Amino acid sequence: MMNGQSRQNEKSALFSEITEISFAMDELRLYLDTHPQSAEALALFTEYQDKRHALVAEYTEKYGAIYSYKINTENGWSWAAAPMPWETEAN
Amino acid sequence: MFGGRGMADQRRSVPTFSSRQAQSGAVGPTVLAMAYVPSQSFKNIYSPSDALGAGTLFAELNMPYCAGGGK
């Protein structure tokens with residue numbers, strides 16, 4: 001069983017990965033807006049799209065929803081149950 | 001997205017006034033100034049982690065502002 005600190009580290013690392021790949025996709029989107037015929041850019045965008053989808057699914061499964069549209073309501077209202085971003089436990 | 005650093009390399013392809021125009025001092029229908037932005041190509045792509053650190057996915061566009069001409 002993981003201790004709280006390493007779980008927290010893994011959670012932050014996973015979130016960082018999502019942030020990084022999201023930024024890469026933002027950049028590729030801008031490039032593709034002006035170079036819609038670039039097969040290389042399109043291929044990388046598609047690759048990152050799949051990776052990001054998998055990362056977000058993993059995060060949501062392990063730590064809860066990032067987007068309120070994905071809230072798990074099986075056991076009631078969970079959105080406000082996690083620590084707020086400004087609380088120490090959330091960081 | 002776009003960088004201006006390629007300017008020096010591209011200068012030769014930029015339209016210029018002909019010497020005849022310059023000599024005659026013609027300013028009528030000619031343009032006063034023209035900006036030129038070379039088209040970016042898909043190369044030197046950073047990893048997502050390096051990209052977020054650099055603020056761009058493209059190594060070509062990683063041009064940190066250095067006061068004093070980058071010295």
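Values computed for the structure shown
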| item | result |
| --- | --- |
| Any chance residue A:13 is small (Gly, Ala, Ser), at pLDDT 90 or above, exposed (fewer than 11 other Cβ atoms within 10 Å of the Cβ) and part of a helix (DSSP H, G or I) | yes |
| Long-range neighbours under 6 Å by Cβ, at least six apart or interchain, first residue over 13 Å from residue B:45 (Cα atoms) within the stretch A:32-43, second surrounded by 10 or more Cβ atoms within 10 Å (Cβ to Cβ) and not small (Gly, Ala, Ser) | A:38/B:42 |
| The stretch A:18-31: number of residues that are farther than 19 Å from residue A:66 by Cβ and in contact (Cβ under 8 Å) with a residue 24 or more places away in the chain | 0 |
| Enumeration of residues in the stretch A:53-91 that are in a helix (DSSP H, G or I), charged (D, E, K, R) and at pLDDT 90 or above | A:58, A:61, A:62 |
| Helices (runs of 4 or more DSSP H) contained entirely in chain B, each with at least 1 residues that are at pLDDT below 55 | B:7-10, B:19-24 |
| Enumeration of residues in the stretch A:31-49 that are in a helix (DSSP H, G or I) and more than 20 Å from the chain's Cα centre (by Cα) | A:31, A:32, A:33, A:34, A:39, A:40, A:41, A:42, A:43 |
| Restricting the stretch A:16-58 to residues that are surrounded by 16 or more Cβ atoms within 10 Å (Cβ to Cβ), of a type in the set (A, V, I, L, M) and over 13 Å from residue B:40 (Cβ atoms), the residue that is farthest from the other protein chains (Cβ to nearest Cβ) | A:56 |
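The values are calculated or read from the model by the stated rules, or taken from the named source; none is laboratory data. Quantities reported herein were computed from a predicted structural model and do not represent experimental measurements. Here the Cβ is made from the backbone with ideal geometry for all residues, glycine too, and neighbour counts use every protein chain on show.
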